[in-house]
Amino acid sequence: MDSIELLRETRQSLLDFIDDLMIILPEEKDLIWFHVFVKTQVPMVDVIQYIIKNLVPLEARIQERDDDYFKTHAVMFEKLGNFQTEVNRFKMLWDANQNPKDRETVWLWLERFVDLGKQYAAALAPQNK
């Protein structure tokens, strides 16, 4: 997959992830605004750079399902483009929903984002030579 297609895939994956979060946490109305913001305003290059910088290095913790780390660090798309929050969304999500199936859904999405970040970095690697 080329870098442009990976950016499209990242946008759709992020929107689908937010949709899943809206089902898991229907009372969290900020997710609606975040969905609109991602769909209309956030440059996907910013998102994929965020993923490469903040999520890819945490791949082992994600694979190990180390929720303690994520509950103490605000690593859940807290800064994308002009969207910024100091709120630890991961901790809120974890504290609000104890359902193991919903939690596994979030882990699978984080794995997906790590995979997209690694693919994008690899797609750009030949261009950097």
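Just so you know, all these numbers are worked out from the coordinates, no wet-lab data involved. Remember, it's a predicted structure, so these values are computed and weren't measured experimentally. Using ideal geometry, Cβ is built from the backbone for each residue, glycine included, and neighbour counts are taken over all protein chains shown.
Here r is the Cβ-Cβ distance between GLU28 and ARG65 and R0 is 22 Å; the resulting FRET efficiency, rounded to 0.05, is 0.50. The calculated FRET efficiency for GLN98 paired with ALA122, based on their beta-carbon distance and R0 = 41 Å, is about 0.65.
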